[in-house]
Structures are given as C-alpha cells and as structure tokens.
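Here's the structure, in structure tokens; my notes come after.
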Amino acid sequence: MDFATTCLHGGYEPKNGEPSALPIYQSTTFKYDSTAEVAKLFDLQAEGVFYSRLANPTVDAVEQKLAALEGGVGAICTSSGQAACFIALLNLCRSGDHIVACSNLYGGSINLLCVTFKRFGIEVTFVDQHKSNEELAQYFQPNTKALYAETIANPSTDVLDIARMAELAHAHGVPLVIDNTLATPYLCRPIEHGADIVVHSTSKYLDGHALALGGAIVDSGNFDWAAHADKFAEFVEPDESYHGCVYTQAFGKAAYIVKARAQFIRDLGCLQSPQNALYLNLGLETLPLRMERYHQNALQVAKFLQGHPQVVSVNYPNLDGSPSYELAQKYLRDGKSSGVLSFVLKGGFSAGAKFIDALKLVRLEVHVADIRSCVLHPASTSHRQLTPEQLKNAGVDEGLVRISVGLENIEDILTDLEQALAQL
Ligand SMILES: *Cc1c(COP(=O)(O)O)cnc(C)c1O
C-alpha cells in the first residue's frame, strides 16, 4: 500500500459488521477463561493483551500503523516523546555505559541525556554532526551503546546525513537511533537510510491537532544483536524475569521491541493511553495532506522573512544557500521540509521578545508542529537551562525565534508577521 493508504488502513482491518473507525478499548484489563492462557501471556509464549499498562488493542492498532509507516517490524506507543527516547535508549544501556549524541537536539532530550542519564550512571558525549566520520570516530568508546540524532533538528532545522551516521554507528557495532519527530515518516523514513531505531514525539505532527501527548519507538528489525553479543548481552542471554526467555531466539527480528515492552513498559509503565492513541490515529489519517500544506506555508514564510530588513538570517532547509539544502534533497520527500523554521532578528534577545509580544494571530506556545501557527524564543524558554556554550552547540542564537507555521491561510500568517516586524 502507498503511504497515504496505510495512513487510513494500516493497523486495523474491520471484519464483517465491525466498526469502520478504530474502536477504543477503554479498559484497564481483559477477561480470560483459564489460568493456562494467562500463564502463556506472562511467559511471552502467546500474543494477547491482559493489562493496559503493557498493551491495549487500540494502542496496538496504532503501533502497527506506525510500524508500517516507518517500515519497521514493530512499535510501541508511549505516554510522551520523552518516554519514547528514555525507553528506546534504556533498552540499550545500563549504568556504566555510554551514548554518543548529536549536539543540536531538542532541549528536553539534552536534559534527559545530560542530567537524568548521568544520574543513572550513563554518560553521554555530544558531538557536532557536521564533523567527518574520521573525526567523530574518536568519541566512540568500548562501552558506547548507541548513536542518537534528529532527522531535522529542532530548532536549527539542520538535516542529518542519516546514511553517513548509520555507517559511523555500525562501524562501532552500535545502532543508530533517530528522533524523526519533525520530519515524520511522510517526509523521511530513516530506516530506509540505515537507521536501526526510530523514536517520535507523537505530540507534534503525528497527532497533528495539539490534542494528545504521546511518543513512539519503532524497531527496524535490522540490527544484529547476536553479532554484537559482547555489547548487547541482555538480548542474547536468558531474562530471568521471563523464565529464561532469550529475546533474539524467541523473537528474531523483533527482539529489541519485544524486550523494550517486556522489561521497561512493564516496569516503568508509560504506555500511551487508549484515548490518546485514538486521537493519534485520527491525526495519522490525514498526515500526508497536512505535511504538504505545512511545507507550502513554511516555504512562503521563509522567503518572506529572508527578504525582510529586520531579519539577519533564516534557517529553512528549502532556501537556496541553506547548509542543509543538499541533504534535504537527498533525505526528505521531494526535498520538502516541515512547517518548522527559525530566524534571527537584528535586535537580538530583546527584539525576539518584542516581536513575539506584538504578534496577534501567531501564538506564543511552548509547542512545535501545532496545527495553528506558533512561535517560541528558545533562549528564554525551551532551551533556558542550557549554558551559553550548549546554546551555541545546539545552534540557538540568543536572538533566534522559532516559528512553527500552521495550516492557516498564508496571507493571514504573513500579515501578522509583517505588522509585528514593523513594530521593531
Ligand atoms: C517535543 C519533542 C520531544 C519530546 O516529546 P514530548 O511528547 O513533548 O515528550 C522530543 N523530540 C523532539 C524533536 C520534540 O520536538
């Protein structure tokens, strides 16, 4: 099936007389006739749901749709994007391990990696993705377990050279984990370029209506855990908490995603709720239509800003001369980027704040990829915990404004930006 068809039909196929729209199973638990059946579920020997902390039929359908859209063998929908990132990496690392991550990540991911993972005894080295693989190789250590990066970085909009990063990760025997939030599988399918694990904040374009928080982890099924058994012993050795189950033997290509659910969704409990999965599914149904329109609107906003005397620079991968132009052509569908762009105002920090306060239609929101246009001043909000050096590495100038262009009429958006710029 084509992408747009999978958005509508993936994950749920009603049988004769069953509802056309995905039904919601708003239930914490499920009834069984025999202890033998439940025992099999507990030992991972049968498929089925018994408690919505681990799995739920509504969530399951959306997981299958997302796995199909990304081209993976399985997926887990989590309660937030942060939870997805956390579990995706915790499934690979433990205390004493190390991660290499690109430095221009979403602010929340940087905090999770720098602060919370450090407390867990997991060290992270942040690297500049623009360096050559020869230079980047020196940051990998014997205890490195993953390379982590974003397809389109937020807010710098840098496009990642995914194939090159995959080559780098694989040369060091570790999987490439990609946050594909801003691109969505409509614009980019990282697995086709060598990524092993894909994570999402589904709170953004996938939900698409700013309704429901959520995240997702998709497993490509391509990483050979048994071939790197020295690094990934938990995949090839018996898990005593499941009567000695060996994930690579019992689940083959799905070892990673089954282990993530069996160990961490079980123990940490951050599966997406059925209600939020229902909203997410509704958003997924129209994803291709919305992404095209986001791109059209954002490109016009980018061109308008680029020509404005108050603007120093505009970051949008589709602008001529953008450092990401070639990579966007290589990795994004028809070279098209998302609705997110950022720009630097001449007046720096204070101009950024004044501009945002003058906007009438475009809203100040701690959000990105909303259906309505919204702006944020990262240096004073989403990235305020970062040091000046971390800000610089994340590509965040103090006068940088991030704008997430929505689906309003383009003339209304441009009129609002113009009147706010005129007040500077
Ligand atoms: C928002 C976001 C996250 C975090 O997701 P939540 O759903 O807010 O927890 C992670 N990565 C990127 C790129 C994001 O934009």
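The values are calculated or read from the model by the stated rules, or taken from the named source; none is laboratory data. Worth saying up front: this structure is predicted, and the values here are computed from it rather than measured. Keep in mind that these areas ignore ligands, DNA and RNA; they rest on the heavy atoms of the full protein, side chains included. Shrake-Rupley method; radii C 1.70, N 1.55, O 1.52, S 1.80 Å.
By accessible area, using a 1.4 Å probe on protein heavy atoms only, the range 89-198 has 49% of its surface on carbon and sulfur.
For residue 228, tell me the accessible area in Å² from a 1.4 Å probe, rounded to the nearest 10. About 50 Å², ignoring ligands and nucleic acids. Its Cα gyration tensor gives the chain an equivalent ellipsoid. The semi-axes, each the square root of 5 times an eigenvalue, are 37, 26, 18 Å from largest down.
Carbon-plus-sulfur accessible fraction, the range 336-410 (probe radius 1.4 Å, protein heavy atoms only): 52%. Against the main long axis of the alpha-carbon atoms of the chain, helix 57-70 sits at an angle near 60°. For a straight C-alpha distance cut-off of 20 angstrom, the lysines reachable from residue 40 (same-chain residues fewer than eight places away being disregarded) are 31, 259.
Take the range 164-235 with all the other protein chains still there, run a 1.4 Å probe, and you get 26 Å² of accessible area per residue. Partners of residue 392 within straight-line reach, counting lysines whose Cα lies under 24 Å from its Cα and excluding those fewer than 8 residues away in the same chain: 118, 131, 346, 354.
Potential lengthening of the chain between residue 35 and residue 125 amounts to 27.6 nm, from the contour at 0.36 nm per residue minus the alpha-carbon distance.
In this structure the range 6-81 gives 56 Å² per residue of accessible area when probed at 1.4 Å with all protein chains present. At full extension, residue 18 and residue 358 could sit 117.3 nm farther apart than now, given 0.36 nm per residue minus the alpha carbon distance.
Exposure check, 1.4 Å probe, all protein chains in place: residue 401 carries approximately 0 Å² of accessible surface.
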